[in-house]
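Single-structure report; data block below.
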Amino acid sequence: MTAYPNMLAPLDLGFTTLKNRVLMGSMHTGLEETGDWNRVAEFYASRARGGVALMVTGGIGPNLEGSVLPGAAMMTTEKDVINHAIVTDRVHQAGGKIAMQILHAGRYAYGPKCVAPSPVKSPISPFPPNELDEDGIEKQISDIVNAAVLAQQAGYDGVEIMGSEGYFLNQFIVTHTNKRTDRWGGSYENRMRLPIEVVRRTRKAVGTDFIIIYRLSMIDLVPNGSTHDEVVQLAQEVEKAGATIINTGIGWHEARIPTIATSVPRAAFAWVTKKLMGKVSIPVITSNRINTPEVAEEVLATGCADMVSLARPMLADADFVTKAMTGQAAKIAPCIACNQACLDHTFSGKLTSCLVNPLACHETELVIGAADAKKNIAVVGAGPAGLSTAMTAAQRGHNVTLFDRAAEIGGQLNLAKQIPGKEEFWGLVDWYRTMIADLGIKVELNRVVNAGDLTSFDEVIIATGVIPRDPKIPGQEHESVLSYIDVLREKAPVGDTVAVIGAGGIGFDVSEFLLDDGHSPTTDLPLWMKEWGVTDPAEHRSGLAPEGPQPEAPARQVTLLQRKKQAHGKGLGKTTGWIHRTALKMKNVNFVGGVNYERIDDDGLHVSFGEERTDPTLIAADTIVLCAGQVSDRTLADELIELGITPHIIGGADVAAELDAKRAINQGTRLAATL
Ligand code: FAD
Ligand code: NAP
Ligand code: SF4
């Protein structure tokens, strides 16, 4: 008897059957753009082997004007068909099914030739779109239909027509972007004409036995978006037009409400999809922040949807479904929804991967094979760098001993997990604990290792991490001064007014910790919705609360300081930095930049400004928290080198600047792959 009967139940689509209820949602990985179709094929085939029922590719453009970027993958030629057939063949050999997403970006396309219903520029694009005339609209429809026909020729099991997230079809649906007065604008019937025509003509062109998923925006989260009644009407028309499945889209890309970041509660939007259940007769898929089999099962068991879409969790673990099926759910590498190696990479023009799983999208390049000879390996430091090295080395057959002076594994991940909105880090540390035990790695905790302890090992890995930088501020020994470690690990008492020195990732996180009264909105969906101003689209158009965000009162008055003059938080994650900045602004944090730290005394923190050190100012604070960056802890590495032993130095012990768990895990995994 499985623990996930709903998630693992097959789904009969009439002409074909999906083996379970898990869809791998569309993700733009950048793989198609490499032109290495073997690599693309291996990415999808490894997930097919991992048991997912149906996968959707990243968005593929139907024409130049609709492609997200110049050079983005398209489906327009015979050559494209041949390339994509490499992928579909490999997926089918692996027992999987795959649909190609047709993504017309409309005004989100990054280029001056982008098109839209009306010339309304998007706030997230520098290019005002060109308004389409009747012929132009007809061309877009036939290009989309043509892409579907070519996808069918390439062997895909279906297509997903992207109609959400504020892309082209979505732009026609709402008055936010559609100002037309012809038959494609004005009334709702006119505004939904385009998506319905696209589905109807696609069905006509591909015949009956081909999956058409329509991705429908169920809560737009932008002004003048759809009401719930309009969403239902569109869903019913899309069904009549020939769609096989309706998938859920949540929020436009320009929405100022987080929808998939780690601070969003798990399955936060499943209730939105549930409102459509029973109103159409084709299967409905829900998505967003579903990252464990337990959450997926709960969502399905409570009737929120017929299927769940997991996208990033399939980067973190290709074998998600197989592990759930075989009683090994605890071994599923968890997606912590950090976006650091996936979306942040996409938006920086880099290939997607995964913080937790550096093999993602690197399946043909980073291969973890059996070691030629079994070695005794010591890993000192059980932070993410040491843990990933130990795990990968043990997977390759080595004998691994993992040391840490702390009482638990995890290193700084144990500080990260204290932050409200970063609860997913608990699961990551738990997963490492499970894997370390499963792989038979010998773990010695509460053990301060000296160089002399390491002489008998074949290989020594130093992953001793970092120590806080000493900012050398006169008076910093004052009793009001704490380090981030005192606050997060030792839970030292903190006063009502706080000055945080340093506005890097840790300064922001410590501020969030101090503003919270110990109750995280991430674990309380109604509170989170109130905090961000999300409401039921049946009550208010678009799901935007008319009163706007209503955050809880801050637990403390926080001033966040940095020496740089630039805006705070510039170095935070590309796709998540705005969320941290907004969260702190909503809690009235005082951002102060361009300071010199003059001294600390009984009155608080004294600062001045600019090179001239003018405008002496007192930041009155009961507590001052130092978050002034970190430096490598290389004490042990230096001792070993003195003894004539050359260790491998990784993670923060190697380079402290711009260190994060992504780099630590990637470096650890790649080193272990070579030992
Ligand atoms: P560490 O995690 O520092 O681990 C080093 C380990 O070595 C420690 O457990 C230590 O006890 C042990 N050790 C040291 N010397 C010895 C010795 N002589 N003998 C035995 N053991 C020893 N990164 C992200 O990517 N995303 C985030 O969202 C994020 N949030 C963060 C939030 C906070 C509040 C903090 C503090 C950090 C955050 N980070 C985040 C940073 C991330 O945690 C670090 O980059 C990462 O942990 C560094 O990994 P590491 O393995 O090199 O070192
Ligand atoms: P950081 O990002 O390098 O920030 C250090 C801060 O301290 C900066 O604001 C810097 O700003 C200030 N500073 C540097 N030297 C100083 C000095 N001598 N005196 C006073 N202030 C000084 O480092 P961090 O915040 O410690 O974070 C450590 C690592 O963990 C980072 O690399 C980060 O990527 C990672 N992390 C990531 C996340 C995430 O969400 N991805 C979250 C937390 C941590 P000024 O020089 O302008 O004063
Ligand atoms: Fe999930 Fe982070 Fe990996 Fe992206 S990088 S898949 S968000 S764990």
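The values are calculated or read from the model by the stated rules, or taken from the named source; none is laboratory data. These figures come from a predicted structure and were not determined experimentally. Cβ placement follows ideal geometry from the backbone for every residue including glycine, while neighbour counts extend to all protein chains displayed. Surface accessibility is based on the protein's heavy atoms, side chains included, excluding ligands, DNA and RNA. Shrake-Rupley method; radii C 1.70, N 1.55, O 1.52, S 1.80 Å.
Below are the figures for this structure:
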item: Estimated dipole of the chain in Debye, rounded to 20 [Cβ of Lys and Arg +1, of Asp and Glu -1, Cα centre]; result: 1280 debye
item: Charge tally in the Cβ shell below 14 Å around GLU531, where Lys, Arg are +1 and Asp, Glu are -1, GLU531 excluded; result: -2
item: Long pairs among LYS530/LYS570; LYS530/LYS564; LYS564/LYS585, criterion Cα-Cα beyond 25 Å; result: LYS530/LYS570; LYS530/LYS564
item: Unit charges at the beta carbon, dipole of the chain: most positive-side option, PRO293, GLY14, ALA385; result: GLY14
item: Relative contact order %, the chain, counting alpha carbon pairs below 8 Å whose residues are six or more apart; result: 12 percent
item: Selection from ILE102, VAL231, PRO258 lying farthest towards where the dipole of region 11-346 points positive, charges on Cβ; result: PRO258
item: Cα-centre dipole for region 11-346 with unit charges at Cβ (Lys and Arg positive, Asp and Glu negative), debye to 20; result: 480 debye
item: Between 0 and 90°, nearest 10: helix 384-395 axis offset from the chain longest Cα axis; result: 70 degrees
item: For the chain: rounded, prolate or oblate by the Cα gyration tensor [a/c cutoff 1.5]; result: oblate
item: Euclidean distance between Cα centres, region 187-250 to region 547-612, Å; result: 44 Å
item: Mean separation of Cα contacts under 8 Å (6+ apart) over length of region 11-346, as relative contact order %; result: 15 percent
item: Over 26 Å (Cα to Cα) - which of LYS19/LYS323; LYS179/LYS587; LYS274/LYS350; LYS121/LYS587 fall in this group; result: LYS179/LYS587; LYS274/LYS350; LYS121/LYS587
item: Residue among SER511, PRO551, VAL356 farthest towards the positive dipole end of the chain, charges placed on Cβ; result: VAL356
item: Relative packing of peptides 284-291, 140-147, 558-565, 569-576 - highest average C-beta neighbours within 10 Å first; result: 284-291, 140-147, 558-565, 569-576
item: Net +/- balance of residues flanking GLU408 in space, Cβ distance below 13 Å, scoring K and R +1, D and E -1; result: +2
item: Ordering of 338-344, 87-93, 471-477, 582-588 by packing [mean C-beta count within 10 Å, highest first]; result: 338-344, 87-93, 582-588, 471-477
item: Simple Cβ-charge dipole of region 207-260, Lys/Arg +1 and Asp/Glu -1, about Cα centre, in debye nearest 20; result: 160 debye
item: Accessible area per residue, Å², region 524-661 with all protein chains present, probe 1.4 Å; result: 51 Å²
item: Protection proxy ranking, peptides 60-68, 235-243, average beta carbon neighbours within 10 Å, highest first; result: 60-68, 235-243
item: Surface share of carbon and sulfur [accessible, 1.4 angstrom probe, percent] for the chain; result: 51 percent
item: Fraction of beta bridges assigned by DSSP in the chain that are antiparallel (%, nearest 5); result: 20 percent
item: Shape parameters for region 11-346, alpha-carbon atoms, Rg then Dmax in Å; result: 18.4, 57
item: Cα gyration tensor shape of region 82-164, rounded if a/c is under 1.5, else prolate or oblate by comparing a/b with b/c; result: prolate
item: Solvent-accessible heavy-atom area per residue, rounded to whole Å², over region 11-346 at 1.4 Å; result: 31 Å²
item: Å² of accessible area per residue within region 426-505, as computed with a 1.4 Å probe and no ligands counted; result: 49 Å²
item: Fraction of beta bridges assigned by DSSP in region 512-649 that are antiparallel (%, nearest 5); result: 80 percent
item: Counting DSSP beta bridges with both ends in region 11-346, the antiparallel % (nearest 5); result: 5 percent
item: Cα long-axis angle, helix 577-586 against the chain (0 to 90 degrees, to the nearest 10); result: 80 degrees
